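Data block below; observations after.
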Amino acid sequence: MTVTGKKIKVFSVLDDLDTYELNRFDKFVKSPYFNVNQSIIQLFNQYIHYRKTNGKSNLSKEDLWKKAFPDQPYNDGRLRKALSDLLKLLEDFFCQELMQRQPIYRATMLLESIEERNLGPLVNSVIKRARQLTSKDHEASARMHYHRYEVEKSFYELTDYDIKRIEKSNLPRIISNLDYFYLAEKLKYYCTSISRSAFVEHDFNFLFIKEIEQHIENNQYEEIPIVNIWINIFFLQKKTGKDVKKYFQQFKTTFKSIIADIPQKEAAQIFTYGQNFCIKQINSGQSEYFQELFELNREAVSQNILVDQSRDNLDPWVFRNMVTVALRLKEYAWTAAFIDSYGSYIQEDFRRNAVSYSLALFSFYQNKYSEVLDHLNDMDIMDISYELNSKSLLIMTYYEMDEIDPLNSLLDSFYVYLNRHKDISKARRENYQNMISFTRRLMNINPTDKKAHEKLMTKFQQTKGIASAAWLKEKIEERML
């Protein structure tokens, strides 16, 4: 619904509610406990009417007023006030919905209310219920430790332990849960700052981070998975050599044990750290991390953490990278099932290119080169990354098909393309230029000249940064046999 061409904020938010949520909000708006303003109800009724009949409305604010208040002269101030009040009601509704979904919020607020009102008879039963909620809930997030801290803190305040000094108190529970929450969150955001520093310069001042690092060197918190996983991520970014391998093994173990018991968004964030670590190791020449990365990917798929639940979509680059890794390991059945199951989750604007490129790559690994060309032709390339990837895949395909003339033409045009597009970074441009150069050299060497191929291999091994390096290495080695 719009007002003079501009979307009304409250209606824009209401558009995101499903039918069940809208029905619950209808009851909320019309409940005298929450709302007695009939103007708000009349405006909401108009929204419901137009949503049911049109899906959306293009009413001007004057027409909206006439529909909602047909017997009254137009009053812009009153309309704006009613729309603002409807938005506030919607915000209250969201809070109410969250409290219904998360009974621990209700329990902690009830404890606070009991403390304010000094309702002694309710203390024991509510504390017992709150503790049961936090113990039965399998969520292993830092947030759950904070809830436990709040429950125990309320119990301490309500039991007057400051007065009953000789009685054993629950202070250890208060302190330990607060510490677990603090450590997990502190390490999480410190790791985030390290990751961001690769793209943007920031001068963060993290209090006590040196003291925390010294502490976690000797205290791994294996019994508290959310703290342990962030300790491992911290050291994955700090350690090198054998030490970092030890922390990666610990990361994998904790990741598998915790992934189902933390919010999807944090699970996806943790997965990304593990994924980036594996990619970094692969880029440094440790090819055994392809298998490690695939295992992480497979775990993420099995636990359904890849699809952003708030938007119900999958990042196209995550999709493509997972396909690439699986194909590298010849996991063809898994790859086919993944493309089929997850391609539809990619946002529509990016889906065609992501799926077509992935299918082209899948066909290439199965030596179905004519299908590679068909899938590449299906792409509607608007993105430089896809342009670069599809051209390099086309080079490999023409080479495998022994299509010399199209290959030479493509090598020429690709080289021109790289020089013409100044928005391609220098390092990236050089990677693809190296691919072009080595492909040309390989084509121009007599297939029977082993010494020339050995010389080419030596040069190849001395050159850093070559796109499609694994494929080129394989082709040179084939000629050396």
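Distant-in-sequence amide contacts of Asn313, defined by a placed amide H-H separation under 5 Å and a gap of 5 or more residues or a different chain, comprise Asp308. Dividing the alpha-carbon radius of gyration of the range 192-323 by the rule-of-thumb value 2.2 N^0.38 Å gives 1.08. Restricting to DSSP loop positions (anything but H, G, I, E, B) with no more than 14 other Cβ atoms inside 10 Å of their own Cβ, which GluC sites (Glu not before Pro) remain in the range 191-241? Within the range 191-241, the qualifying GluC sites (Glu not before Pro) (loop, at most 14 other Cβ atoms within 10 Å) are Glu201, Glu222, Glu223. Extent along the principal axes, Cα only, for the range 15-173: 72, 31, 21 Å, with the longest axis given first. Which entries of Lys67/Lys88; Lys136/Lys210; Lys136/Lys265 have Cα-Cα distances beyond 30 Å here? Pairs exceeding the cut-off: Lys136/Lys210.
Hydrodynamic estimate: the Kirkwood radius of the chain over Cα pairs, inserted into Stokes-Einstein at 25 °C and 0.890 mPa s, corresponds to D of 88 µm²/s. Hydrodynamic estimate: the Kirkwood radius of the range 2-101 over Cα pairs, inserted into Stokes-Einstein at 4 °C and 1.567 mPa s, corresponds to D of 93 µm²/s. 3J(HN,Hα) along the range 313-330, derived from phi through the Karplus expression 6.51 cos²θ - 1.76 cosθ + 1.60 where θ = phi - 60°, amounts to 9, 10, 4, x, 6, 4, 4, 5, 5, 5, 5, 4, 5, 5, 5, 4, 9, 6 Hz, with x in place of Gly and Pro.
Largest first and in whole Å, the equivalent-ellipsoid semi-axes of the range 350-481 read 25, 18, 12, each the square root of five times a Cα gyration tensor eigenvalue.
A DSSP coil position with no more than 13 other Cβ atoms inside 10 Å describes the following chymotrypsin sites (Phe, Trp or Tyr not before Pro) in the range 38-98: Tyr74.
Over 31 Å apart at the Cα level, from the set Lys242/Lys464; Lys153/Lys186; Lys188/Lys280; Lys280/Lys451; Lys30/Lys188; Lys168/Lys246, are Lys280/Lys451; Lys30/Lys188; Lys168/Lys246.
Using a cut-off of under 16 Å, list every residue of the range 10-28 whose amide N is near the label point 7 Å from the Cα of Gln100 along the Cα-to-beta-carbon line. Within reach of a label on Gln100: 17-28.
With contacts taken as Cα pairs under 8 Å at a separation of at least 6 residues, the range 323-442 carries a relative contact order of 16 percent. Using a cutoff of 8 angstrom between alpha carbon atoms and counting only pairs six or more residues apart, the relative contact order for the chain works out to 6 percent. The range 463-478 and the range 353-430 have Cα centres separated by 16 Å. Sparsely packed loop sites in the range 400-445 (the trypsin sites (Lys or Arg not before Pro) outside DSSP H, G, I, E and B with at most 14 other Cβ atoms within 10 Å) comprise Lys422.
Each value in this text was obtained by applying a stated rule to the coordinates, not by laboratory testing. Quantities reported herein were computed from a predicted structural model and do not represent experimental measurements. Cβ sites come from the backbone with ideal geometry, for glycine too, and all protein chains shown count toward neighbours.
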